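What follows is a short report on a single structure.
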Amino acid sequence: MKNFINAIIRFIKGLERPSKAANLRRLKERGEALDSFTIREATAEDVPALAELHVKTWNETYPGIKHPPTFYVREYQWREQFNSPNKHWFCLVVQNAQGKLVGFAKGLPYNHNDLPMFSGEVNKIYLLSQYQRLGLGRKLLCAVINRFIAQGINSMVLFGVPQNPSGYFHEAMGARKLMNKKGGFDGGYGWYDLTQVTGLCSAT
């Protein structure tokens, strides 16, 4: 029953998101073109813009939270991350022609005993709602997949909430739902063989 209720909520939340046609229209109104976006490695200089984007995208994904993370919290977290001696993680950003960040993804190795079949984790992946359903999310996720494969990591996991409509996107990109011991779905998705997903990425 819980899985069914979560599926209904996920469907309703998906309907609340802007349609592809609406976002294409807004893109044209802003004078932007899909081929003008680039994906690059984030640097420490991106921290303020990355923190601002993190706040906006998180609030869009989880509306109604009474005390959401602030810009100052996110800026501190990202600055700490870039200053950390642990350099095993990476962050990729989607940038428009004017240099504004509209999306980002963070990846890192995954070596937990609870899911030993996965060796990489998509720790975060966000895209502003006005840029969704245009293929940019697919390009961003594919960039993460290609980075993992280049590092010798051929499987990955992503943890979210079961009501998030982004689950449709993950499944379309080859992910499988990770069910708990009771058969419930808690929001986790797994890619067991990233080399099998590269065919989906070649179409981007």
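So, in the stretch 71-96, how many residues would count as being in a helix (DSSP H, G or I), in contact (Cβ under 8 Å) with a residue 12 or more places away in the chain and within 14 Å of LEU108 (Cα to Cα)? Adding up the residues that qualify gives 1.
Looking across GLY152, GLY99, one residue alone is within 26 Å of THR198 (Cβ to Cβ) and either out of contact with any Cys (no Cβ under 7 Å at 6 or more places or on another chain) or surrounded by 13 or more Cβ atoms within 10 Å (Cβ to Cβ) (or both). It is GLY152. Among the residues examined, PHE169 qualifies as at pLDDT below 95 and more than 14 Å from ILE39 (Cβ to Cβ). Take the residues in the stretch 112-129 that are within 17 Å of ALA51 (Cα to Cα) and not basic (Lys, Arg), then tell me which one is surrounded by the most Cβ atoms within 10 Å (Cβ to Cβ). Residue satisfying both the conditions and the ranking: LEU127.
Of the residues that sit in the stretch 102-146 and are aromatic (Phe, Trp, Tyr) and touching a helix residue (DSSP H, G or I) at 6+ places or on another chain (Cβ under 8 Å), which one is farthest from THR198 (Cα to Cα)? My answer is TYR131. Pairing residues of the stretch 179-204 that are in contact (Cβ under 8 Å) with a residue 60 or more places away in the chain and closer than 16 Å to VAL144 by Cβ with residues that are among the charged types (D, E, K, R) and part of a loop (DSSP other than H, G, I, E, B), at Cβ distances under 6 Å and at least 6 apart in sequence or on separate chains, gives no pairs at all. Residues in the stretch 20-49 that are in a helix (DSSP H, G or I) and either basic (Lys, Arg) or in contact with a strand residue (DSSP E or B) (Cβ under 6 Å, 6 or more places away or on another chain) (or both): LYS20, ARG25, ARG26, LYS28, ALA49.
Just one of the numbered conditions (1) in contact with a Leu (Cβ under 7 Å, 6 or more places away or on another chain); (2) farther than 20 Å from THR38 by Cα; (3) of a type outside the set (Asp, Glu) is not true of LEU140: (2). Of all the residues in the stretch 168-204, those that are assigned to a loop (DSSP other than H, G, I, E, B), surrounded by fewer than 18 Cβ atoms within 10 Å (Cβ to Cβ) and in contact with a Phe, Trp or Tyr (Cβ under 7 Å, 6 or more places away or on another chain) number 0.
The values are calculated or read from the model by the stated rules, or taken from the named source; none is laboratory data. Small disclaimer: the values here were computed from a predicted structure and weren't measured. Cβ coordinates were reconstructed from backbone atoms using ideal geometry, including for glycine residues, and neighbour counts include every protein chain displayed.
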